[in-house]
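The values are calculated or read from the model by the stated rules, or taken from the named source; none is laboratory data. It should be emphasised that the depicted structure is a prediction, and the values quoted were computed from it without experimental measurement. Because the Cβ atoms are built from the backbone with ideal geometry, glycine has one as well, and the counts that use them run over all protein chains shown. Just the protein is used for accessible areas: all its heavy atoms, side chains included, with ligands, DNA and RNA removed. Shrake-Rupley method; radii C 1.70, N 1.55, O 1.52, S 1.80 Å.
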Amino acid sequence: MTPNKHEQLRQLPSMTGLLEDATVKAWLDIHPRAVVVAALNWAIDHARDGVINDDAVPNAESILQAALVHLESTSLPSIRRVINATGVVLHTGLGRAPLSQAAIDAVTQCASGYCNLEFDLESGARGRRADHVANLLAELTGAEAATVVNNNAAATFLILNTVASGVVVSRGELVEIGGSYRLPDMMQASGVELREVGTTNRTRIADYEKAIGPNVAALMRVHTSNYRIVGFTQAVDFDELVRLGRDHELPIIDDLGSGAMFDLDRFGLGGEPSVQASVEAGADLICFSGDKILGGPQAGIIIGRREWINRIERNPLMRTYRVGKMTLAALEATLQQYRDEDHARENIPSLSMMSTPLDELKKRAEELCGLLTKRIADAAFAVIEEQSTVGGGSLPDRNIATHCVTWSPTNHSVDEALARLRQGKPAIVARAHRGMILFDLRTIDEKDIQPLMERIAQLAANQ
Ligand SMILES: *Cc1c(COP(=O)(O)O)cnc(C)c1O
(Lines give C-alpha, C1' and ligand atoms only; values in the text may rest on other atoms or scores of the structure.)
Protein backbone atom coordinates (compact mmCIF):
# COMPACT_ATOMS: atom_id res chain seq x y z
CA MET A 1 0.00 0.00 0.00
CA THR A 2 1.34 3.44 -0.84
CA PRO A 3 2.13 5.89 2.00
CA ASN A 4 -0.59 8.08 0.53
CA LYS A 5 -3.20 5.31 1.01
CA HIS A 6 -2.09 4.87 4.62
CA GLU A 7 -2.58 8.55 5.15
CA GLN A 8 -6.05 8.43 3.57
CA LEU A 9 -7.09 5.46 5.72
CA ARG A 10 -5.97 7.35 8.81
CA GLN A 11 -8.38 10.12 7.85
CA LEU A 12 -11.41 7.80 8.17
CA PRO A 13 -13.46 8.53 11.30
CA SER A 14 -12.81 6.20 14.25
CA MET A 15 -15.40 4.08 16.03
CA THR A 16 -14.78 5.99 19.28
CA GLY A 17 -15.32 9.28 17.50
CA LEU A 18 -18.52 8.11 15.78
CA LEU A 19 -20.00 6.79 19.03
CA GLU A 20 -19.71 10.30 20.46
CA ASP A 21 -21.74 11.77 17.58
CA ALA A 22 -25.16 13.14 18.59
CA THR A 23 -26.89 11.23 15.76
CA VAL A 24 -25.38 7.94 16.94
CA LYS A 25 -26.38 8.70 20.53
CA ALA A 26 -29.98 8.97 19.31
CA TRP A 27 -29.68 5.53 17.65
CA LEU A 28 -28.48 4.11 20.96
CA ASP A 29 -31.81 5.13 22.50
CA ILE A 30 -33.60 2.77 20.13
CA HIS A 31 -31.14 -0.02 19.29
CA PRO A 32 -28.87 -2.18 21.46
CA ARG A 33 -25.26 -0.93 21.55
CA ALA A 34 -23.84 -4.06 19.92
CA VAL A 35 -26.19 -3.63 16.97
CA VAL A 36 -25.20 0.04 16.49
CA VAL A 37 -21.49 -0.86 16.75
CA ALA A 38 -21.95 -3.61 14.17
CA ALA A 39 -23.60 -1.16 11.75
CA LEU A 40 -20.83 1.43 12.26
CA ASN A 41 -18.18 -1.26 11.78
CA TRP A 42 -19.86 -2.32 8.59
CA ALA A 43 -19.91 1.28 7.29
CA ILE A 44 -16.28 1.93 8.28
CA ASP A 45 -15.14 -1.32 6.63
CA HIS A 46 -17.09 -0.42 3.54
CA ALA A 47 -15.44 3.02 3.42
CA ARG A 48 -12.00 1.44 3.96
CA ASP A 49 -12.56 -0.94 1.04
CA GLY A 50 -13.59 2.05 -1.05
CA VAL A 51 -10.42 3.96 -0.23
CA ILE A 52 -8.27 0.90 -1.03
CA ASN A 53 -10.05 0.76 -4.39
CA ASP A 54 -9.18 4.40 -5.05
CA ASP A 55 -12.45 6.06 -3.94
CA ALA A 56 -12.23 9.43 -2.23
CA VAL A 57 -12.21 9.46 1.59
CA PRO A 58 -15.86 9.77 2.67
CA ASN A 59 -16.78 12.24 5.40
CA ALA A 60 -18.30 11.19 8.73
CA GLU A 61 -21.75 12.19 7.55
CA SER A 62 -21.80 9.81 4.61
CA ILE A 63 -20.41 6.98 6.76
CA LEU A 64 -23.24 7.60 9.23
CA GLN A 65 -25.75 7.59 6.40
CA ALA A 66 -24.48 4.19 5.22
CA ALA A 67 -24.48 2.88 8.80
CA LEU A 68 -28.10 4.02 9.26
CA VAL A 69 -29.27 2.23 6.12
CA HIS A 70 -27.50 -0.92 7.34
CA LEU A 71 -28.86 -0.53 10.85
CA GLU A 72 -32.43 -0.13 9.63
CA SER A 73 -32.29 -2.97 7.15
CA THR A 74 -30.80 -5.41 9.64
CA SER A 75 -33.18 -4.40 12.43
CA LEU A 76 -36.34 -4.60 10.34
CA PRO A 77 -38.39 -7.60 11.43
CA SER A 78 -38.49 -10.28 8.77
CA ILE A 79 -42.17 -11.00 9.40
CA ARG A 80 -43.97 -7.68 9.37
CA ARG A 81 -47.21 -5.90 8.61
CA VAL A 82 -48.28 -5.69 5.00
CA ILE A 83 -51.00 -3.59 3.39
CA ASN A 84 -53.07 -6.07 1.39
CA ALA A 85 -54.32 -4.24 -1.69
CA THR A 86 -54.96 -7.48 -3.62
CA GLY A 87 -58.63 -7.80 -2.68
CA VAL A 88 -58.02 -11.45 -1.70
CA VAL A 89 -59.64 -11.50 1.73
CA LEU A 90 -58.11 -14.73 3.10
CA HIS A 91 -54.73 -14.47 1.37
CA THR A 92 -52.69 -17.45 2.59
CA GLY A 93 -49.41 -15.75 1.68
CA LEU A 94 -50.43 -12.70 3.69
CA GLY A 95 -51.49 -14.58 6.81
CA ARG A 96 -55.15 -15.35 6.02
CA ALA A 97 -57.61 -13.75 8.46
CA PRO A 98 -56.64 -10.50 10.22
CA LEU A 99 -57.74 -10.70 13.87
CA SER A 100 -60.52 -8.61 15.37
CA GLN A 101 -59.70 -6.02 18.01
CA ALA A 102 -61.23 -8.24 20.70
CA ALA A 103 -58.96 -11.12 19.67
CA ILE A 104 -55.89 -8.84 19.61
CA ASP A 105 -56.72 -7.57 23.09
CA ALA A 106 -57.17 -11.11 24.40
CA VAL A 107 -53.80 -12.18 22.99
CA THR A 108 -52.08 -9.13 24.49
CA GLN A 109 -53.63 -9.83 27.88
CA CYS A 110 -52.61 -13.48 27.97
CA ALA A 111 -49.20 -13.06 26.38
CA SER A 112 -48.04 -10.15 28.50
CA GLY A 113 -48.10 -12.14 31.73
CA TYR A 114 -49.24 -15.46 33.10
CA CYS A 115 -52.66 -16.90 32.32
CA ASN A 116 -54.81 -19.87 33.36
CA LEU A 117 -53.94 -21.86 30.24
CA GLU A 118 -54.12 -25.25 31.97
CA PHE A 119 -55.23 -24.24 35.41
CA ASP A 120 -58.74 -24.34 36.82
CA LEU A 121 -59.12 -21.13 38.82
CA GLU A 122 -62.25 -22.55 40.59
CA SER A 123 -60.62 -25.62 42.06
CA GLY A 124 -56.93 -24.75 41.81
CA ALA A 125 -56.40 -28.05 40.00
CA ARG A 126 -54.83 -28.73 36.63
CA GLY A 127 -57.19 -27.75 33.80
CA ARG A 128 -57.60 -28.78 30.19
CA ARG A 129 -56.59 -26.14 27.64
CA ALA A 130 -59.37 -26.86 25.15
CA ASP A 131 -61.93 -26.15 27.91
CA HIS A 132 -61.48 -22.43 27.27
CA VAL A 133 -63.34 -22.82 23.98
CA ALA A 134 -65.19 -26.14 24.24
CA ASN A 135 -68.36 -24.75 25.82
CA LEU A 136 -68.55 -21.85 23.42
CA LEU A 137 -68.10 -24.16 20.46
CA ALA A 138 -70.83 -26.42 21.80
CA GLU A 139 -73.16 -23.46 22.33
CA LEU A 140 -72.52 -22.02 18.87
CA THR A 141 -72.60 -25.21 16.84
CA GLY A 142 -74.84 -27.56 18.80
CA ALA A 143 -72.07 -30.18 19.00
CA GLU A 144 -71.62 -32.24 22.20
CA ALA A 145 -67.90 -31.67 22.59
CA ALA A 146 -64.93 -29.90 21.02
CA THR A 147 -61.17 -29.68 20.96
CA VAL A 148 -58.58 -27.57 19.17
CA VAL A 149 -55.29 -28.28 17.40
CA ASN A 150 -52.81 -26.23 15.37
CA ASN A 151 -54.53 -26.19 12.00
CA ASN A 152 -57.13 -28.08 10.04
CA ALA A 153 -54.52 -30.31 8.40
CA ALA A 154 -53.54 -31.49 11.89
CA ALA A 155 -57.21 -31.91 12.79
CA THR A 156 -57.82 -34.17 9.78
CA PHE A 157 -54.67 -36.15 10.45
CA LEU A 158 -55.53 -36.69 14.09
CA ILE A 159 -59.10 -37.72 13.32
CA LEU A 160 -57.91 -40.24 10.73
CA ASN A 161 -55.17 -41.56 12.96
CA THR A 162 -57.65 -42.02 15.81
CA VAL A 163 -60.24 -43.76 13.66
CA ALA A 164 -57.52 -45.87 11.95
CA SER A 165 -58.19 -48.73 9.48
CA GLY A 166 -60.20 -47.97 6.34
CA VAL A 167 -62.00 -44.73 5.52
CA VAL A 168 -64.31 -44.37 2.53
CA VAL A 169 -64.10 -41.13 0.50
CA SER A 170 -65.57 -40.13 -2.86
CA ARG A 171 -63.04 -39.78 -5.71
CA GLY A 172 -64.49 -36.33 -6.36
CA GLU A 173 -63.37 -35.16 -2.92
CA LEU A 174 -59.69 -36.17 -2.82
CA VAL A 175 -58.51 -32.61 -2.41
CA GLU A 176 -55.15 -30.94 -2.60
CA ILE A 177 -54.94 -27.72 -0.64
CA GLY A 178 -52.11 -25.29 -1.36
CA GLY A 179 -49.69 -27.86 -2.77
CA SER A 180 -48.37 -29.47 0.38
CA TYR A 181 -51.64 -30.93 1.64
CA ARG A 182 -53.05 -33.85 -0.30
CA LEU A 183 -55.74 -35.90 1.34
CA PRO A 184 -54.59 -39.29 -0.04
CA ASP A 185 -51.02 -38.64 1.24
CA MET A 186 -52.41 -37.51 4.55
CA MET A 187 -54.43 -40.70 4.86
CA GLN A 188 -51.44 -42.86 4.11
CA ALA A 189 -49.29 -41.01 6.62
CA SER A 190 -51.98 -41.32 9.29
CA GLY A 191 -52.10 -45.10 8.87
CA VAL A 192 -55.53 -45.11 7.28
CA GLU A 193 -56.37 -47.13 4.22
CA LEU A 194 -58.14 -44.94 1.70
CA ARG A 195 -61.15 -46.52 0.07
CA GLU A 196 -61.91 -44.35 -2.93
CA VAL A 197 -65.40 -44.72 -4.30
CA GLY A 198 -67.30 -43.41 -7.33
CA THR A 199 -65.68 -41.36 -10.06
CA THR A 200 -64.35 -37.81 -10.20
CA ASN A 201 -67.69 -36.36 -11.24
CA ARG A 202 -70.27 -38.84 -9.96
CA THR A 203 -70.57 -40.76 -6.74
CA ARG A 204 -73.75 -42.53 -5.57
CA ILE A 205 -74.75 -43.83 -2.17
CA ALA A 206 -74.50 -47.39 -3.54
CA ASP A 207 -70.78 -46.77 -4.20
CA TYR A 208 -70.22 -46.07 -0.50
CA GLU A 209 -72.36 -49.00 0.49
CA LYS A 210 -70.37 -51.44 -1.67
CA ALA A 211 -67.10 -50.30 -0.07
CA ILE A 212 -68.25 -51.05 3.48
CA GLY A 213 -66.56 -54.15 4.84
CA PRO A 214 -64.64 -55.58 7.81
CA ASN A 215 -61.74 -53.10 7.58
CA VAL A 216 -63.79 -49.97 7.06
CA ALA A 217 -64.00 -47.76 10.15
CA ALA A 218 -65.59 -44.54 8.91
CA LEU A 219 -67.22 -42.68 6.04
CA MET A 220 -65.82 -39.28 5.22
CA ARG A 221 -67.02 -36.21 3.40
CA VAL A 222 -64.46 -33.62 2.35
CA HIS A 223 -65.61 -30.19 1.33
CA THR A 224 -64.16 -29.39 -2.07
CA SER A 225 -63.07 -26.02 -0.74
CA ASN A 226 -60.93 -24.80 -3.58
CA TYR A 227 -62.63 -26.28 -6.63
CA ARG A 228 -66.05 -27.19 -7.93
CA ILE A 229 -67.03 -30.08 -10.10
CA VAL A 230 -69.63 -28.88 -12.56
CA GLY A 231 -71.47 -30.39 -15.50
CA PHE A 232 -72.53 -34.04 -15.43
CA THR A 233 -72.18 -34.52 -11.70
CA GLN A 234 -73.73 -36.39 -8.83
CA ALA A 235 -72.78 -36.18 -5.19
CA VAL A 236 -74.40 -37.99 -2.33
CA ASP A 237 -76.73 -36.01 -0.15
CA PHE A 238 -75.06 -35.65 3.25
CA ASP A 239 -78.18 -36.83 5.14
CA GLU A 240 -78.12 -40.01 3.10
CA LEU A 241 -74.45 -40.59 3.92
CA VAL A 242 -75.17 -40.09 7.62
CA ARG A 243 -78.03 -42.60 7.41
CA LEU A 244 -75.77 -45.14 5.76
CA GLY A 245 -73.17 -44.65 8.50
CA ARG A 246 -75.84 -45.15 11.18
CA ASP A 247 -77.10 -48.33 9.56
CA HIS A 248 -73.61 -49.80 9.62
CA GLU A 249 -72.52 -48.22 12.93
CA LEU A 250 -69.75 -46.28 11.22
CA PRO A 251 -68.86 -42.74 12.28
CA ILE A 252 -69.19 -39.92 9.73
CA ILE A 253 -66.22 -37.59 9.44
CA ASP A 254 -66.83 -34.20 7.84
CA ASP A 255 -63.85 -32.06 6.83
CA LEU A 256 -65.55 -28.73 6.22
CA GLY A 257 -62.39 -26.78 5.42
CA SER A 258 -63.62 -23.28 6.05
CA GLY A 259 -65.93 -23.21 9.01
CA ALA A 260 -68.73 -20.88 8.01
CA MET A 261 -70.71 -20.27 11.18
CA PHE A 262 -73.67 -18.80 9.35
CA ASP A 263 -75.11 -18.80 5.88
CA LEU A 264 -72.99 -16.58 3.69
CA ASP A 265 -75.82 -16.39 1.16
CA ARG A 266 -76.65 -13.09 2.80
CA PHE A 267 -73.65 -11.49 1.12
CA GLY A 268 -74.09 -13.39 -2.12
CA LEU A 269 -71.51 -15.98 -1.07
CA GLY A 270 -73.60 -19.12 -0.94
CA GLY A 271 -72.25 -22.63 -1.38
CA GLU A 272 -70.18 -22.91 1.76
CA PRO A 273 -71.65 -25.59 4.05
CA SER A 274 -72.26 -24.26 7.55
CA VAL A 275 -70.86 -25.91 10.65
CA GLN A 276 -74.30 -26.07 12.28
CA ALA A 277 -75.82 -27.82 9.27
CA SER A 278 -73.19 -30.55 9.54
CA VAL A 279 -73.88 -31.03 13.27
CA GLU A 280 -77.59 -31.07 12.64
CA ALA A 281 -77.23 -33.66 9.88
CA GLY A 282 -75.55 -35.89 12.44
CA ALA A 283 -71.84 -35.93 11.56
CA ASP A 284 -69.82 -37.58 14.35
CA LEU A 285 -66.57 -35.68 13.84
CA ILE A 286 -66.36 -32.32 12.10
CA CYS A 287 -63.23 -30.28 11.52
CA PHE A 288 -62.51 -26.82 10.09
CA SER A 289 -59.88 -24.07 10.07
CA GLY A 290 -59.74 -21.21 12.55
CA ASP A 291 -58.29 -18.74 10.08
CA LYS A 292 -60.43 -19.23 7.01
CA ILE A 293 -64.02 -17.98 6.96
CA LEU A 294 -64.23 -18.14 10.76
CA GLY A 295 -61.85 -15.17 10.79
CA GLY A 296 -59.78 -16.14 13.84
CA PRO A 297 -56.24 -17.40 14.49
CA GLN A 298 -54.62 -20.35 12.73
CA ALA A 299 -56.17 -23.39 14.39
CA GLY A 300 -57.92 -26.65 13.61
CA ILE A 301 -61.24 -27.01 15.36
CA ILE A 302 -62.68 -30.47 15.96
CA ILE A 303 -66.25 -30.83 17.18
CA GLY A 304 -68.60 -33.77 17.45
CA ARG A 305 -69.73 -36.60 19.68
CA ARG A 306 -68.21 -36.60 23.13
CA GLU A 307 -67.10 -40.21 22.87
CA TRP A 308 -65.10 -39.44 19.71
CA ILE A 309 -63.63 -36.19 21.00
CA ASN A 310 -62.47 -38.06 24.10
CA ARG A 311 -60.78 -40.68 21.96
CA ILE A 312 -59.03 -37.98 19.97
CA GLU A 313 -57.84 -36.26 23.11
CA ARG A 314 -56.43 -39.56 24.38
CA ASN A 315 -54.42 -40.05 21.18
CA PRO A 316 -50.74 -39.59 22.14
CA LEU A 317 -50.27 -37.50 18.98
CA MET A 318 -52.63 -34.86 20.40
CA ARG A 319 -49.72 -33.54 22.42
CA THR A 320 -47.75 -32.80 19.26
CA TYR A 321 -50.51 -30.66 17.80
CA ARG A 322 -51.58 -28.70 20.81
CA VAL A 323 -52.16 -24.97 20.52
CA GLY A 324 -50.51 -22.22 22.54
CA LYS A 325 -52.06 -19.64 24.83
CA MET A 326 -52.10 -16.91 22.18
CA THR A 327 -54.09 -19.07 19.80
CA LEU A 328 -56.61 -20.02 22.46
CA ALA A 329 -57.02 -16.44 23.62
CA ALA A 330 -57.63 -15.21 20.06
CA LEU A 331 -59.95 -18.10 19.27
CA GLU A 332 -62.07 -17.66 22.39
CA ALA A 333 -62.45 -13.92 21.72
CA THR A 334 -63.37 -14.60 18.08
CA LEU A 335 -65.95 -17.22 19.03
CA GLN A 336 -67.47 -14.90 21.65
CA GLN A 337 -68.26 -12.50 18.81
CA TYR A 338 -70.30 -15.17 17.05
CA ARG A 339 -72.83 -15.19 19.86
CA ASP A 340 -74.41 -12.31 17.94
CA GLU A 341 -74.30 -12.77 14.18
CA ASP A 342 -74.48 -9.06 13.35
CA HIS A 343 -71.77 -8.29 15.86
CA ALA A 344 -69.54 -10.94 14.26
CA ARG A 345 -70.17 -9.58 10.77
CA GLU A 346 -69.31 -6.05 11.81
CA ASN A 347 -66.33 -6.77 14.06
CA ILE A 348 -64.48 -9.72 12.54
CA PRO A 349 -62.34 -8.10 9.84
CA SER A 350 -62.57 -10.85 7.20
CA LEU A 351 -66.37 -11.07 7.52
CA SER A 352 -66.72 -7.34 7.43
CA MET A 353 -64.50 -7.15 4.32
CA MET A 354 -66.46 -9.91 2.60
CA SER A 355 -69.70 -8.10 3.29
CA THR A 356 -68.73 -4.47 2.57
CA PRO A 357 -71.38 -3.15 0.15
CA LEU A 358 -70.26 -2.21 -3.34
CA ASP A 359 -71.36 1.44 -3.04
CA GLU A 360 -69.26 1.83 0.11
CA LEU A 361 -66.20 0.46 -1.73
CA LYS A 362 -66.91 2.81 -4.59
CA LYS A 363 -67.02 5.76 -2.22
CA ARG A 364 -63.71 4.75 -0.63
CA ALA A 365 -62.07 4.21 -4.03
CA GLU A 366 -63.22 7.64 -5.22
CA GLU A 367 -61.85 9.24 -2.06
CA LEU A 368 -58.45 7.59 -2.45
CA CYS A 369 -58.36 8.42 -6.15
CA GLY A 370 -59.25 12.06 -5.37
CA LEU A 371 -56.49 12.32 -2.76
CA LEU A 372 -53.91 10.83 -5.10
CA THR A 373 -54.91 12.99 -8.04
CA LYS A 374 -54.71 16.10 -5.88
CA ARG A 375 -51.24 15.11 -4.66
CA ILE A 376 -49.76 14.09 -7.99
CA ALA A 377 -51.36 16.18 -10.68
CA ASP A 378 -49.73 14.57 -13.71
CA ALA A 379 -50.16 10.90 -12.72
CA ALA A 380 -52.93 8.71 -14.05
CA PHE A 381 -55.31 7.37 -11.40
CA ALA A 382 -58.85 6.13 -11.97
CA VAL A 383 -61.58 4.10 -10.31
CA ILE A 384 -62.81 0.88 -11.92
CA GLU A 385 -65.21 -1.87 -10.97
CA GLU A 386 -63.41 -5.20 -10.63
CA GLN A 387 -63.67 -8.58 -8.85
CA SER A 388 -62.33 -9.60 -5.43
CA THR A 389 -61.93 -13.22 -4.37
CA VAL A 390 -62.29 -14.75 -0.93
CA GLY A 391 -59.08 -16.79 -1.16
CA GLY A 392 -57.65 -19.16 1.43
CA GLY A 393 -59.03 -22.07 -0.57
CA SER A 394 -62.59 -20.94 0.05
CA LEU A 395 -65.39 -20.25 -2.38
CA PRO A 396 -63.37 -20.83 -5.57
CA ASP A 397 -66.11 -19.90 -8.00
CA ARG A 398 -67.41 -16.86 -6.16
CA ASN A 399 -65.98 -13.50 -7.03
CA ILE A 400 -67.33 -10.45 -5.30
CA ALA A 401 -67.74 -7.21 -7.21
CA THR A 402 -65.46 -4.49 -5.86
CA HIS A 403 -63.97 -1.11 -6.71
CA CYS A 404 -60.29 -0.50 -7.28
CA VAL A 405 -58.08 2.51 -7.80
CA THR A 406 -55.88 2.00 -10.86
CA TRP A 407 -52.48 3.55 -11.32
CA SER A 408 -50.65 3.65 -14.63
CA PRO A 409 -47.13 4.57 -13.56
CA THR A 410 -45.25 6.73 -16.03
CA ASN A 411 -41.84 6.66 -14.39
CA HIS A 412 -41.62 2.92 -13.63
CA SER A 413 -42.69 -0.26 -15.35
CA VAL A 414 -45.64 -1.98 -13.65
CA ASP A 415 -43.40 -4.81 -12.36
CA GLU A 416 -40.86 -2.35 -11.01
CA ALA A 417 -43.52 -0.28 -9.27
CA LEU A 418 -45.06 -3.43 -7.75
CA ALA A 419 -41.63 -4.53 -6.49
CA ARG A 420 -40.96 -1.13 -4.95
CA LEU A 421 -44.36 -1.17 -3.29
CA ARG A 422 -43.58 -4.57 -1.77
CA GLN A 423 -40.12 -3.61 -0.62
CA GLY A 424 -40.97 -0.18 0.78
CA LYS A 425 -42.18 0.95 4.16
CA PRO A 426 -44.98 0.07 4.70
CA ALA A 427 -44.87 -3.05 2.51
CA ILE A 428 -47.77 -2.95 0.04
CA VAL A 429 -48.94 -5.94 -2.02
CA ALA A 430 -51.05 -4.99 -5.02
CA ARG A 431 -51.81 -6.67 -8.32
CA ALA A 432 -51.23 -5.93 -11.97
CA HIS A 433 -54.10 -5.78 -14.41
CA ARG A 434 -53.90 -4.83 -18.08
CA GLY A 435 -50.75 -2.76 -17.76
CA MET A 436 -51.97 -0.97 -14.64
CA ILE A 437 -51.63 -1.47 -10.91
CA LEU A 438 -54.84 -2.17 -9.00
CA PHE A 439 -55.46 -1.23 -5.41
CA ASP A 440 -58.57 -3.13 -4.31
CA LEU A 441 -60.39 -1.22 -1.59
CA ARG A 442 -62.07 -4.37 -0.22
CA THR A 443 -58.99 -5.46 1.74
CA ILE A 444 -57.53 -2.05 2.54
CA ASP A 445 -58.20 -1.02 6.10
CA GLU A 446 -59.30 2.59 6.78
CA LYS A 447 -56.15 3.23 8.78
CA ASP A 448 -53.97 2.10 5.88
CA ILE A 449 -55.37 4.65 3.41
CA GLN A 450 -53.07 7.50 4.48
CA PRO A 451 -49.79 5.50 4.51
CA LEU A 452 -50.78 3.85 1.22
CA MET A 453 -51.45 7.22 -0.36
CA GLU A 454 -48.13 8.65 0.89
CA ARG A 455 -46.18 5.70 -0.47
CA ILE A 456 -47.82 5.80 -3.89
CA ALA A 457 -47.24 9.55 -4.01
CA GLN A 458 -43.53 9.02 -3.21
CA LEU A 459 -43.16 6.46 -5.95
CA ALA A 460 -45.08 8.52 -8.48
CA ALA A 461 -42.81 11.45 -7.68
CA ASN A 462 -39.87 9.10 -8.31
CA GLN A 463 -38.51 9.05 -4.80
C1 LIG B 1 -57.97 -25.58 4.12
C2 LIG B 1 -58.36 -26.98 4.22
C3 LIG B 1 -57.59 -27.89 4.96
C4 LIG B 1 -56.34 -27.47 5.65
O5 LIG B 1 -56.59 -26.52 6.63
P6 LIG B 1 -55.41 -25.66 7.29
O7 LIG B 1 -56.08 -24.95 8.41
O8 LIG B 1 -54.89 -24.79 6.23
O9 LIG B 1 -54.39 -26.63 7.77
C10 LIG B 1 -58.02 -29.20 5.02
N11 LIG B 1 -59.15 -29.59 4.41
C12 LIG B 1 -59.92 -28.74 3.69
C13 LIG B 1 -61.16 -29.24 3.02
C14 LIG B 1 -59.56 -27.41 3.58
O15 LIG B 1 -60.31 -26.55 2.87
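The label-point distance for V51 and T74, in a model that sets each label 7 Å from Cα toward Cβ, rounds to 2.0 nm.
If you count the DSSP beta bridges with both ends in the chain, what percent of them are antiparallel, to the nearest 5? All intermediate terms of the calculation are to be shown ahead of the outcome.
On the way: 31 of 52 bridges.
The antiparallel fraction comes to roughly 60 percent.
Toward the positive end of the charge dipole of the chain, with +1 on the Cβ of Lys and Arg and -1 on the Cβ of Asp and Glu, the farthest Cα among G295, G213, W27 is that of W27. Over segment 218-260, the reciprocal of the mean inverse Cα-Cα separation, the Kirkwood hydrodynamic radius, stands at 11.7 Å.
May I ask you to give the percent of accessible area on segment 182-264 that is carbon plus sulfur, with a probe radius of 1.4 Å? Answer for segment 182-264: carbon and sulfur cover 46 percent of the accessible area. In this rough spin-label picture, where each label sits 7 Å from Cα along the Cβ direction, the R171-E346 distance is 5.1 nm.
So, R0 is 30 Å and r is the distance between the beta-carbons of D359 and N399; what FRET efficiency does that work out to, to 0.05? Working shown, then result.
Values: r = 18 Å, r/R0 = 0.59.
About 0.95, to the nearest 0.05.
Among M326, V192, P357, pick out the residue whose Cα is farthest towards the positive end of the charge dipole of the chain, where Lys and Arg carry +1 and Asp and Glu carry -1 on C-beta, about the Cα centre. The residue sitting most towards the positive pole is V192. Computed from phi, the 3J(HN,Hα) profile of segment 218-235 under the Karplus parametrisation 6.51, -1.76, 1.60 (θ = phi - 60°) reads 6, 10, 10, 10, 10, 6, 7, 4, 10, 8, 10, 9, 10, x, 7, 10, 8, 10 Hz, with x in place of Gly and Pro.
Please identify the trypsin sites (Lys or Arg not before Pro) of segment 360-463 that satisfy two criteria: DSSP loop assignment and at most 12 other Cβ atoms within 10 Å. Which are they?
Working: sites: K362, K363, R364, K374, R375, R398, R420, R422, R431, R434, R442, K447, R455; in loops: R434.
When the trypsin sites (Lys or Arg not before Pro) of segment 360-463 are filtered for loop state and at most 12 Cβ neighbours within 10 Å, R434 remain.
What percent do you get for the relative contact order of the chain when only Cα pairs under 8 Å and 6+ apart count?
Working: 814 pairs, mean separation 86.3, N = 463.
With pairs under 8 Å counted, the relative contact order is 19 percent.
Spatial offset of segment 335-400 relative to segment 248-306 amounts to 25 Å, using the alpha carbon center of each.
Taking 20 Å as the cut-off, the amide N atoms of segment 303-334 that come nearer than this to a point 7 Å along the Cα-to-beta-carbon line of R246 belong to 304-309.
Using alpha carbons only, the radius of gyration of the chain set against its Kirkwood radius gives Rg/Rh = 1.09. Between R126 and A432, the modelled label-to-label distance comes to 5.7 nm, taking each label 7 Å out from Cα in the direction of the beta carbon.
About the Cα centre of the chain, what is the dipole size in debye to 20, counting +1 per Lys and Arg Cβ and -1 per Asp and Glu Cβ, all else neutral? Let's see the in-between values first.
Details: 46 positive and 59 negative charges, 136 e Å.
I would put it at about 660 debye.
Among the cysteines of the chain, those whose beta-carbon sits 4.7 Å or more from every other cysteine beta-carbon are C287, C369, C404.
Segment A461..Q387, full-extension length gain: 23.7 nm, with 0.36 nm per residue of separation and the alpha-carbon distance subtracted.
Phi angles of segment 193-209 translate, via the Karplus equation with coefficients 6.51, -1.76, 1.60 and θ = phi - 60°, into HN-Hα couplings of 8, 7, 10, 6, 10, x, 10, 4, 9, 9, 9, 10, 4, 5, 5, 5, 4 Hz per residue; Gly and Pro are given as x. Solvent-accessible area assigned to carbon and sulfur over segment 387-447 amounts to 46 percent, based on a 1.4 Å probe.
If the label point is 7 Å along Cα→Cβ of R420, which residues in segment 443-463 have backbone nitrogen under 14 Å from it? Counting only backbone N, you get 454-463. Ellipticity at 222 nm from helices only: DSSP H runs of n ≥ 4 in the chain, each -39500 (n - 2.57), divided by the residue count, give -12500 deg cm²/dmol. Within 9 Å, Cβ to Cβ, of V383, how many net charges do the neighbouring residues add up to if Lys/Arg are +1 and Asp/Glu are -1? Local net charge: -1.
In loop segments of segment 213-306 as defined by DSSP, the chymotrypsin sites (Phe, Trp or Tyr not before Pro) with at most 11 further C-beta atoms inside 10 Å of their C-beta are F232.
In the chain, a dipole from Cβ-located charges (positive for Lys and Arg, negative for Asp and Glu) runs towards its positive end, and of T410, A382, A235 it is T410 whose Cα lies farthest in that direction.
Taking every eigenvalue of the Cα gyration tensor of segment 3-75, multiplying by 5 and rooting it, what semi-axes result, largest first, whole Å? Walk me through the numbers on the way to the answer.
Values: eigenvalues 107, 29, 16 Å².
One finds semi-axes of 23, 12, 9 Å for segment 3-75.
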